[in-house]
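Working notes, beginning with the structure itself.
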Amino acid sequence: MTPETVLTIGAQALQLVLMLAAPLLLTALAVGVLIGVFQAATQINEQTLSFIPKLAACAAVIVIGGPWMLRLLVEYTKRLFESIPALLH
């Protein structure tokens, strides 16, 4: 296995991780900003107020986008396992 092959597999894995994590992170960011604006407007300084909405939004994203995320992960793993014989030469 050449260094280029290792770098290619690593780059593909990092790209997959970014694609899987981005929806959850962006959702948590958006909900956090909205709750922060609400807290600033109402002068409520409760740190735990944003936890439940973020949790609910992330759970909704997992329910909606979960099949897509799982399909990406399974396809990548399947490609990786199928390429093992070629990598051993």
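Remarks
- Residue match in the range 47-55 (condition: in a helix (DSSP H, G or I) and touching a residue at least 24 places away in the same chain (Cβ under 8 Å)): yes
- Figure legend. Inter-residue proximity from the range 1-20: first residues over 16 Å from MET69 (Cβ atoms), second residues part of a helix (DSSP H, G or I) and at pLDDT below 90, beta-carbon distance below 6 Å, spacing 6+ or different chains. Indicated pairs: MET1/LEU87.
- Of all the numbered requirements in (1) without any contact (Cβ under 8 Å) to a residue 24 or more places away in the chain; (2) of a type in the set (A, V, I, L, M, F, W, C); (3) in contact with a Pro (Cβ under 6 Å, 6 or more places away or on another chain), VAL61 misses one, and that requirement is (1).
- Filter pass, GLN15 being under 30 Å from PRO85 (Cβ atoms), loosely packed, with under 13 Cβ neighbours inside 10 Å and either over 18 Å from the mean Cα position of the chain (by Cα) or not basic (Lys, Arg) (or both): yes
- Neighbours by Cβ (under 8 Å, 6+ apart or cross-chain): first from the range 67-89, within 17 Å of ALA21 (Cβ to Cβ) and surrounded by 11 or more Cβ atoms within 10 Å (Cβ to Cβ); second of a type in the set (Val, Ile, Thr) and modelled with pLDDT of 95 or more: MET69/ILE62
- Here THR8, THR2 are screened, and the one residue that is under 30 Å from LEU88 (Cα atoms) and either surrounded by 10 or more Cβ atoms within 10 Å (Cβ to Cβ) or basic (Lys, Arg) (or both) is THR8.
- Filter result for ILE44 (surrounded by 10 or more Cβ atoms within 10 Å (Cβ to Cβ) and in a loop (DSSP other than H, G, I, E, B)): yes
The values are calculated or read from the model by the stated rules, or taken from the named source; none is laboratory data. Quick caveat: nothing in here was measured; it's all calculated off a predicted structure. No Cβ is skipped: glycine too gets one built from the backbone with ideal geometry, and neighbour counts run over all protein chains shown.
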